[in-house]
2 protein chains.
Amino acid sequence: MKLISGGVCAASGFLAAGVHCGIRKNKTKRDLALIYSEKTCNAAAVYTTNLVKGAPLTVTRNHLHNGTARAVIVNSGNANTCNANGIEIAEAMCALVAESLGISSDDVLVASTGVIGQPLPLEPIKGGLPQLISELSDDGSDCAAQAIMTTDLTKKEVAVEFELGGKTCHLGGIAKGSGMIHPNMATMLVFITTDAAISPAMLQKALSSDVKNTFNMISVDGDTSTNDNVIVMANGAAKNPVIEEEGEDFAEFMKALNTVTVALSRMIAADGEGATKLLECSVSGAASEKDAKIVAKSVICSSLLKAAMFGADANWGRILCAIGYSGANVDINKVAVSFANGKGEIFVCKNGAGVDFSEEKAKEILLEKEIEIRIALADGTACATAWGCDLTYDYVKINGDYRT
Amino acid sequence: MKLISGGVCAASGFLAAGVHCGIRKNKTKRDLALIYSEKTCNAAAVYTTNLVKGAPLTVTRNHLHNGTARAVIVNSGNANTCNANGIEIAEAMCALVAESLGISSDDVLVASTGVIGQPLPLEPIKGGLPQLISELSDDGSDCAAQAIMTTDLTKKEVAVEFELGGKTCHLGGIAKGSGMIHPNMATMLVFITTDAAISPAMLQKALSSDVKNTFNMISVDGDTSTNDNVIVMANGAAKNPVIEEEGEDFAEFMKALNTVTVALSRMIAADGEGATKLLECSVSGAASEKDAKIVAKSVICSSLLKAAMFGADANWGRILCAIGYSGANVDINKVAVSFANGKGEIFVCKNGAGVDFSEEKAKEILLEKEIEIRIALADGTACATAWGCDLTYDYVKINGDYRT
């Protein structure tokens, strides 16, 4: 398995584009993206668990009832959520795309991201569509990835090449996500394409199983968005034997998917609103996987710890505190904690109590861009990893006046 | 029932003091407080639910086994938590106080607040005790309230006068709390005294029932502290008929207690680390009290909403989002939301969707120091209130480098 370029167009037969259509005021910001497959794909998706669901999610779910799709239309700048005419607009977006591409509206999926509760005008989308379609190309992933960004500072794109039954396959994706990120069962906007041949059922199984350990283990601010959505489309162009059950090929496909989703998860966490540092919390020795996950997520969600990491302050008491209130089954008197990255590893706590450590060495580790917080429990053998970011002045600045 | 001055010394027979003993480096900051009752009190307490519990909580719980107490010794600057010798130090603090006052060590309770995981030296406490005891007086509540402050900017003190069985009674308290505040079953450090006569069992019942709607409904940052503790002591000096069961007197006592705890809850939320605004979220029309509480707390815990309130931005979509992921049983299509305070009330959402409103009027309301977020569900008749604060640059500043 090797990392390659091309993002959502790395797989054969997928085209993409991204343009500025006018939903956003800033004319240099692309705000409309299209991903298109030359042939019908098997497709799967996972959605936010928020009771408030963006209208596009309802429409996408309906259009996916048969497990197939050919295109995804996405806008940024407006979430099309909590609007009286949301469904109507989302359906109209699909219909416009279908008409322009000469495909069934039922094969078009839709996603939106941006402010909640402001009606989404159809006009800019209608106006921008001809250019969007004319610019569709197999190197359009970059523009599409840009067009789905909101407060994101970095474009999120990754792809891998792997082999299934002697055939070379590709799987790649793009993502957006920077704030309102604390996914549950699904996450942010992520679009993944592959030319591997896999049945809709196995594709859904792969995705649903993967997100539990990837996108569902990220948190930027504890807020679960109304529009979280991961879509994966497989067009079978690689001509590998169709994956229709578990086995070696499915495992290899899962590995490719996981490589892409972990990379995108880390990119999203690192680009958390205002973030200056990526935090990775790895928990080992837990009584169960559930306990390991609860601990890892509780730690990366602690505002106090996040602020300490911003200040490069080895305030490990806040980690113990977050483990203690997490609700996980943990013997707190056996907990060990260390900070680690390329600069080395330093233990700050053993057996639930502080140990002498060099504040200077700790500072050196904590001033890096990526910090791993290692928590060794002694309750069992289960482990889990979660990703987050530091809490900074800029998070407050970005969110103090988002709408204007 | 009327508000009076005197705080924790408003009730007859209680003395208090607060001095600087040297646990904190800043010599102008008092860091050791003592509350003392001239006669034995019935006492009750509630404690943090964090699995990591400060050593003082264990000692206090042991000393309260018989439901009586005469003194509380409290230090700030060090939480005496996650230290190998924590229990030993907490016991020694009680023993020193007991010896100096000529009372039983078992009648001394202890609390600590500050950094976690650094051994608490006994020397400064030993050294400061003579001065602390010599300064005990019935107007010492002010100094005691100052001595328990950490990152608090305001001293928290309140008292009421009320009547039980024809006798004038008093109940007053002091509190500290600014960060690591998201209590569960108990909260921060709160010390309440009363001269009402009430049995230990009814006192515990009153306290346990009250905190569910007061201190447990505050959140500053979602972090449940390891040292949360509310202690109430009743010395019976008012000579009212002892409250030994539910009835009119118990109801009146509960009302007095609630007046004090609501006032302290609001003070703690308003003085949240870095806060510029007190947020009060009142939920009505819920299917159950549990649902009402879950919604109210989810809203005041949302980092995104808290940042929007800092920016006086009427971004109500974030409120709907927080209701949606709260886990409460809510019909989102019937939700109405308004902002209100002395400047008026403005509806921003009805039937789960946005309504036209004056941004100017909303700004006027949101620029005030206190903002009420009113959420009207249409699922039932239950209601609840929660208190929180905005998320600001200063929260990050305060917590980015707390230990130095």
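The values are calculated or read from the model by the stated rules, or taken from the named source; none is laboratory data. Note that the structure is predicted; figures quoted are calculated from it, not measured. Positions of Cβ are backbone-derived with ideal geometry, glycine not excepted, and every protein chain shown enters the neighbour counts. Protein only, heavy atoms only, side chains kept; ligands, DNA and RNA dropped before computing areas. Shrake-Rupley method; radii C 1.70, N 1.55, O 1.52, S 1.80 Å.
Laid out as a table, the results:
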{"item": "Some residue of the range B:238-258 being within 14 Å of another protein chain (Cβ to nearest Cβ) and buried (at least 21 other Cβ atoms within 10 Å of the Cβ)", "result": "no"}
{"item": "Members of the range B:60-85 that are closer than 23 Å to A:ARG318 by Cβ and hydrophobic (A, V, I, L, M, F, W, C)", "result": "B:VAL74, B:ALA79, B:CYS82, B:ALA84"}
{"item": "Odd one out for A:VAL220, checked against (1) open to solvent by less than 20 Å² (accessible area, probe 1.4 Å); (2) in contact with a His (Cβ under 9 Å, 6 or more places away or on another chain); (3) away from every other protein chain (no Cβ under 14 Å); (4) not polar (S, T, N, Q)", "result": "(3)"}
{"item": "Within the range B:213-246, tally of residues that are at pLDDT 85 or above, in a loop (DSSP other than H, G, I, E, B) and either among the hydrophobic types (A, V, I, L, M, F, W, C) or touching a Lys or Arg at 6+ places or on another chain (Cβ under 6 Å) (or both)", "result": "6"}
{"item": "Boolean, A:LYS255 is farther than 16 Å from A:ASN216 by Cβ, in a helix (DSSP H, G or I) and at pLDDT 90 or above", "result": "yes"}
{"item": "Hey, B:ALA270 facing chain A (nearest Cβ under 8 Å) and modelled with pLDDT under 95 or not", "result": "no"}
{"item": "Failed criterion for A:VAL59 (all others in (1) touching a Ser or Thr at 6+ places or on another chain (Cβ under 8 Å); (2) assigned to a helix (DSSP H, G or I); (3) under 25 Å from A:PRO130 (Cβ atoms) hold)", "result": "(1)"}
{"item": "Every pair of residues 6+ apart whose Cβ atoms lie under 6 Å, when the first sits in the range B:282-297 and is modelled with pLDDT of 95 or more while the second is open to solvent by less than 10 Å² (accessible area, probe 1.4 Å) and in a helix (DSSP H, G or I)", "result": "B:VAL283/B:ALA292; B:VAL283/B:VAL295; B:VAL283/B:ALA296; B:ALA286/B:ALA292; B:VAL295/B:ILE323"}
{"item": "Residues of the range B:12-67 classified as open to solvent by less than 10 Å² (accessible area, probe 1.4 Å) and out of contact with any strand residue (DSSP E or B) (no Cβ under 9 Å at 6 or more places or on another chain), total", "result": "2"}
{"item": "Unmet criterion (only one of (1) at pLDDT below 95; (2) over 22 Å from B:THR381 (Cβ atoms)) for B:PHE339", "result": "(1)"}
{"item": "Enumeration of residues in the range B:380-404 that are crowded, with 17+ Cβ neighbours inside 10 Å and either in a strand (DSSP E or B) or more than 12 Å from every other protein chain (Cβ to nearest Cβ) (or both)", "result": "B:ALA382, B:CYS383, B:ALA384, B:THR385, B:ALA386, B:TRP387, B:GLY388, B:CYS389"}
{"item": "Per-region count, the range A:162-181, residues assigned to a loop (DSSP other than H, G, I, E, B) and more than 25 Å from A:GLY140 (Cβ to Cβ)", "result": "5"}
{"item": "Of residues in the range A:371-404 being more than 30 Å from A:VAL115 (Cα to Cα) and acidic (Asp, Glu), the one farthest from the chain's Cα centre (by Cα)", "result": "A:ASP379"}
{"item": "Among residues of the range B:62-82, those that are in a loop (DSSP other than H, G, I, E, B), out of contact with any helix residue (DSSP H, G or I) (no Cβ under 7 Å at 6 or more places or on another chain) and more than 30 Å from B:ALA237 (Cβ to Cβ), counted", "result": "1"}
{"item": "The range A:24-65, subset within 14 Å of chain B (Cβ to nearest Cβ) and in contact with a Pro (Cβ under 9 Å, 6 or more places away or on another chain), residue farthest from A:GLY7 (Cα to Cα)", "result": "A:THR49"}
{"item": "Test: B:ILE373 is within 25 Å of B:VAL262 (Cβ to Cβ) and touching a Cys at 6+ places or on another chain (Cβ under 8 Å)", "result": "yes"}
{"item": "Strands (runs of 3 or more DSSP E) fully within the range B:273-376 counting 2 or more residues that are surrounded by 16 or more Cβ atoms within 10 Å (Cβ to Cβ) and within 12 Å of chain A (Cβ to nearest Cβ)", "result": "B:344-350"}
{"item": "B:VAL232 touching a helix residue (DSSP H, G or I) at 6+ places or on another chain (Cβ under 6 Å), surrounded by 22 or more Cβ atoms within 10 Å (Cβ to Cβ) and either under 30 Å from B:GLY380 (Cβ atoms) or within 14 Å of chain A (Cβ to nearest Cβ) (or both)", "result": "no"}
{"item": "Any hit, the range B:182-195, residues being under 25 Å from B:THR68 (Cβ atoms), among the hydroxyl-bearing types (Ser, Thr, Tyr), out of contact with any Lys or Arg (no Cβ under 6 Å at 6 or more places or on another chain) and open to solvent by 10 Å² or more (accessible area, probe 1.4 Å)", "result": "no"}
{"item": "Single unsatisfied condition, A:ALA84 versus (1) in contact with a Gly (Cβ under 9 Å, 6 or more places away or on another chain); (2) open to solvent by less than 10 Å² (accessible area, probe 1.4 Å)", "result": "(2)"}
{"item": "Sole residue being touching a residue at least 24 places away in the same chain (Cβ under 8 Å) and over 22 Å from A:ARG30 (Cα atoms), chosen from A:ILE148, A:ILE198, A:ILE174", "result": "A:ILE198"}
{"item": "Among (1) out of contact with any Gly (no Cβ under 6 Å at 6 or more places or on another chain); (2) within 22 Å of B:ILE398 (Cβ to Cβ); (3) not aromatic (Phe, Trp, Tyr), the one test that B:THR226 misses", "result": "(1)"}
{"item": "Condition check for B:MET188: more than 21 Å from B:ASP142 (Cβ to Cβ) and either of a type outside the set (Ser, Thr, Tyr) or at pLDDT 85 or above (or both)", "result": "no"}
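Conditions (1) out of contact with any Lys or Arg (no Cβ under 9 Å at 6 or more places or on another chain); (2) in contact (Cβ under 8 Å) with a residue 60 or more places away in the chain, marked per residue:
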position: A:LEU96; (1), (2): no, no
position: A:GLU99; (1), (2): yes, no
position: A:GLY114; (1), (2): no, yes
position: A:GLY117; (1), (2): yes, no
position: A:GLN131; (1), (2): yes, yes
position: A:GLY179; (1), (2): yes, yes
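Conditions tested, residue by residue: (1) among the basic types (Lys, Arg); (2) within 14 Å of chain A (Cβ to nearest Cβ); (3) surrounded by fewer than 17 Cβ atoms within 10 Å (Cβ to Cβ).
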| residue | (1), (2), (3) |
| --- | --- |
| B:VAL97 | no, no, no |
| B:VAL110 | no, no, no |
| B:ILE116 | no, yes, no |
| B:GLY128 | no, no, no |
| B:ALA144 | no, no, no |
| B:THR151 | no, yes, no |
| B:GLY166 | no, no, yes |
